Each structure stands twice: as structure tokens, then as C-alpha cells.
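The values are calculated or read from the model by the stated rules, or taken from the named source; none is laboratory data. Computed from a predicted model, the values in this text were never measured in an experiment. Cβ placement follows ideal geometry from the backbone for every residue including glycine, while neighbour counts extend to all protein chains displayed. Side chains included, ligands, DNA and RNA excluded: accessible areas come from the protein's heavy atoms. Shrake-Rupley method; radii C 1.70, N 1.55, O 1.52, S 1.80 Å.
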Amino acid sequence: MTKDSQPDLIIVGAGPAGLSAAVVAAEHGLVVTILDEFPEPGGRMLGQFHEEKGHWWVGKQIAHNLIEQCCALGVHIRCGVSVHGMWKNGHRWVIRTSDGSITAANVLLATGGAEIPQPSPGWTLPGVMSIGAAQVMTNVHFVKPGRRGLIIGVNVLAMAIARELSVSGVSIAAIVLPSQSPLSGKDALPKENVEKLLGLAHLAPSPLMRMGGRAAHSLKMAGVVTHYFPRGGIKLWDIPLKLRTTAIAINGKDRVESVTLADLNGRGEMIAGSEREEKVDFVALAGGLYPLAELASVAGCPFVYIKELGGHIPLHSEEMQTPVAGLYVAGNITGVESALVAMAQGQLAATSICRDAGLLGSQSDTKIAEAKQKVQQVRASALIQFHPGIPKAREQVYKMWAKGCDCVENN
């Protein structure tokens, strides 16, 4: 076998966590192979950009820099390769891919997150897509998803990508709520969405809106704000945000032609006679993200459910270890956060892998402590935070690890 077919570390996922981990691991002398099913490395970073403390954070440039570092260090990046199985054979992992099998002593799962489907009547029409698909079309492939669109769903992902689409010249008629159904749940209710909006006050486009939003959030005034929220919505980056408007149905014969909208009262009840048609030629559905963690389950890793982290995640330590020997995790597979947090987690995971491989010597404790501190600092200062209460949720996971990891069989 060639050196590439017998790496020391296999990383599944060439996004912010995987690429960052590869750089640190390779710098310490590990032979690293990255596997990713997308045709090119970079993950979601390729379509991301936002204002971060007075400057633009451009994911494509960050990805380019990380890829260059990986190439200079001899990291083997294999794209267009799907991983569909993994198991332990003695002290090595066997990774089954669409391009054959590969083995390594250690595996880092940095598979990221996936979008939550948010069905809406008429969602099978051509021109209906996820908000992430609209982002990729616009910012990765430079193809506008349509002439004029509507976003259904209010969450951090919708707000961040709406801003990107607006900057890229895509016309958005409005951001509205999904229709009420067992699947949409509280996401279809005005008050719950006002609470989410107040929690995102730091993203508001003006200082006055940021100040007012933070004050209302701290005073728990969501009910009052909902009552007085304009039925016509408010404009964010020239996009109408309508928290008292619901999308009843997506209409069209062979493609999207319009969306039937209706007004809601403060309790989320539809106001009779308020139905109307909004002419659009594409619709973006925003249901949020969840950790893409199936491979961890295949590997035998136990899971815990943490709502604030996006759902079911592999049990792991603060140092990104799992209870299964030689298996590590980093990035959104451990809970949905920003790309900056994922990068810091990838660096921490690689530091742990190098420590466990005996490569850090007397500096191991210091380097682990520094990497952990960096994750905490990046998390505390992150502009985009997908759920409130993430630091407390993380502590909950680490307490579960401390109590339960010794009870899980290590192979």
C-alpha cells in the first residue's frame, strides 16, 4: 500500500473543522487524509460571508487559505468520495468509501450539519429549494435562484443567508412564517418568532434596533412586541421581515408562480379575509440545521439529545474525544454553531489526537489547555449563534461525559 492508503488520521469532512484539524495534525507529523463527498473542499464556508466586527468574513477565502496550508503540509484531500461504513479491525479503523476502503489508527468525524426539511403546501414545485441551496447557487455557482423570491421560516440561518442574498443582488419579497402544522410547531407562531428575533438583536442593521432589541429581550417583552409588531413587517437590509404573516400555499403549474399569504393575530390565528397572492418565481425554505451524525452511530458511539445544540449529538468530551477509542468529533456534528467555532474545535480535536499519539511530549497539557481556551473565546465572541444557551448546553454534555464515558465499551 502507498503512504496515502495507510494514513495515521482519516478526517471525514473537508469543511472548517476538518481542514483546521488537518493543518494542526500534519504540523505535528501525522500523515492525514481528508475525505469529502463534495466535488471540492471547503464545506459550507464556500458560500458564506458576513460582516464580523467591522470587516467582511469571507468563507471562500478562509477555505482557500486552509486548503493551501493542507497542501503545503502534504495532507491528501480526496473529494467526490462518500463514506458509507466504518468499523474497527484490531487497533485500526476501516473506512468503506465509494472509492474503496482505507484504514487508519484514528478517525475524526467533521461531517457538519444538514438542513431540516420544512414542508409547505406546494413544496414539490420546481423553484422551491432549501435556504442553503439558494446560498450555494448564488455564492458558490454564481447563479441567481430566480428573479424574485420568498423565504419561509425565521431563524439564524434564514437571517444570515437572506443578508448574503441581498448583498449578492437577489431580490427577496419577504421573510414570512410557515403555515401551522404538526411539523412546523412553534416555528409558525408570531410570539415564539419574536422571542427568537429579540435574541438576535446583535445582528440588527442599526445601533438603535440592536439597543432596543437587547432591552426588550432582557425584559422578556416578546408578548408586548408581538402585539405591536407591524402587520406589514419591518425591513432588515431592505428585506421585509413579516412575523405576523404566514405562507399558506406555494402555487404554480409547472414551476413556482406565487405564494398565498395571510395575516396572523398575536396568537397566531389567521385573520379571515387577509389572504393574498405574492408573485415570486422561487421559494427558499428555512427549517434550520441539525448535526449530521449518522457515521458516529455506525461507529458505535453513544448519543445524547441536547435541544440547544440542534438535537442528537455523539457523546464527547471537551477535548473532542468520544467513548470509542480512536474516534474523535469536531464541528457541527457536536452541535450547531458558527464556522469560526468549528475551526477552533477542529484545532482542539487535532491537538487531542496528537496528545493521545504521544507527539506533544511535556507540552501536552499546555497545548490542550490553550486549544480549549480558544474554543471558549471564539464561542463567547461569535456573532452568529444558532441557539441560546449553548455554553450551558456544552457543560451539560461534558458532565454527561464525566459520568458515563467509563460505562461505554472502548474497543
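If the condition is being touching a Gly at 6+ places or on another chain (Cβ under 8 Å) and in contact (Cβ under 8 Å) with a residue 24 or more places away in the chain, then segment 248-258 contributes Ala249, Ile250, Asn251, Gly252, Arg255, Val256. Please verify whether segment 282-293 includes one or more residues that are at pLDDT below 95, over 29 Å from Ser364 (Cα atoms), open to solvent by 30 Å² or more (accessible area, probe 1.4 Å) and over 12 Å from the mean Cα position of the chain (by Cα). No: segment 282-293 contains no residue that is at pLDDT below 95, over 29 Å from Ser364 (Cα atoms), open to solvent by 30 Å² or more (accessible area, probe 1.4 Å) and over 12 Å from the mean Cα position of the chain (by Cα). Name the residue that is modelled with the highest pLDDT, counting only residues in segment 88-131 that are among the hydroxyl-bearing types (Ser, Thr, Tyr) and farther than 25 Å from Gly331 by Cβ. The extreme case among them is Thr124. Residue pairs whose Cβ atoms lie under 6 Å apart, separated by 6 or more positions or on different chains, with the first residue in segment 226-246 and closer than 14 Å to Ala173 by Cβ and the second modelled with pLDDT of 70 or more and surrounded by fewer than 16 Cβ atoms within 10 Å (Cβ to Cβ), are Trp237/Ser166; Ile239/Ser166; Leu241/Ile234.
With respect to the conditions (1) over 30 Å from Ala134 (Cα atoms); (2) assigned by the TED database to the domain that holds Thr245; (3) outside any loop (DSSP other than H, G, I, E, B); (4) not hydroxyl-bearing (Ser, Thr, Tyr), Val304 falls short on a single one, namely (2). Are there any pairs with C-beta distances below 8 angstrom linking a residue in segment 28-44 that is touching a residue at least 40 places away in the same chain (Cβ under 8 Å) to a residue that is of a type in the set (Lys, Arg) and surrounded by fewer than 18 Cβ atoms within 10 Å (Cβ to Cβ), with the two at least 6 apart or on different chains, and if so which? Within 8 Å, the pairs are Val31/Lys3; Thr33/Arg78; Ile34/Arg78; Leu35/Arg78; Asp36/Arg78. Candidates Gly389, Gly361: the one that is in contact with an Asp or Glu (Cβ under 6 Å, 6 or more places away or on another chain) and at pLDDT below 95 is Gly389.
Conditions (1) open to solvent by less than 40 Å² (accessible area, probe 1.4 Å); (2) touching a helix residue (DSSP H, G or I) at 6+ places or on another chain (Cβ under 7 Å); (3) outside any loop (DSSP other than H, G, I, E, B), marked per residue:
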site	(1), (2), (3)
Ala114	yes, no, yes
Leu125	yes, no, no
Phe142	no, no, no
Leu150	yes, no, yes
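Examine segment 388-396 for a residue that is open to solvent by 80 Å² or more (accessible area, probe 1.4 Å), assigned to a loop (DSSP other than H, G, I, E, B) and touching a residue at least 40 places away in the same chain (Cβ under 8 Å), and state whether such a residue exists. Yes, segment 388-396 contains at least one residue that is open to solvent by 80 Å² or more (accessible area, probe 1.4 Å), assigned to a loop (DSSP other than H, G, I, E, B) and touching a residue at least 40 places away in the same chain (Cβ under 8 Å). Note on segment 308-319: among residues that are outside any strand (DSSP E or B) and over 14 Å from the mean Cα position of the chain (by Cα), the one that is farthest from Tyr290 (Cα to Cα) is Glu319. Within segment 174-207, being in a loop (DSSP other than H, G, I, E, B), modelled with pLDDT under 70 and open to solvent by less than 50 Å² (accessible area, probe 1.4 Å) holds for Leu200, Ala204, Ser206. Looking across segment 146-174 at every residue that is among the small types (Gly, Ala, Ser) and touching an Asp or Glu at 6+ places or on another chain (Cβ under 6 Å), the one that is nearest to Gly252 (Cα to Cα) is identified as Gly146. One residue stands out in segment 52-87 among those that are in contact with a Lys or Arg (Cβ under 8 Å, 6 or more places away or on another chain) and open to solvent by less than 80 Å² (accessible area, probe 1.4 Å): the one that is farthest from Ile34 (Cα to Cα), namely Gly59.
Kindly indicate whether any position in segment 5-13 is within 16 Å of Cys354 (Cα to Cα), surrounded by fewer than 21 Cβ atoms within 10 Å (Cβ to Cβ), over 21 Å from the mean Cα position of the chain (by Cα) and of a type outside the set (A, V, I, L, M). Within segment 5-13, one or more residues are within 16 Å of Cys354 (Cα to Cα), surrounded by fewer than 21 Cβ atoms within 10 Å (Cβ to Cβ), over 21 Å from the mean Cα position of the chain (by Cα) and of a type outside the set (A, V, I, L, M). Taken over segment 235-281, residues that are closer than 18 Å to Glu192 by Cβ, surrounded by 17 or more Cβ atoms within 10 Å (Cβ to Cβ) and not aliphatic (A, V, I, L, M) amount to 7. Filtering segment 88-110 to residues that are part of a loop (DSSP other than H, G, I, E, B) and either among the hydrophobic types (A, V, I, L, M, F, W, C) or open to solvent by less than 30 Å² (accessible area, probe 1.4 Å) (or both) leaves Ala105, Ala110. Identification of strands (runs of 3 or more DSSP E) wholly contained in segment 234-300 with 2 or more residues that are farther than 29 Å from His50 by Cα yields 239-251, 258-263, 276-279. Scan segment 334-366 for residues that are more than 15 Å from Leu9 (Cα to Cα), buried (at least 19 other Cβ atoms within 10 Å of the Cβ) and of a type in the set (D, E, K, R) and the total you get is 1.
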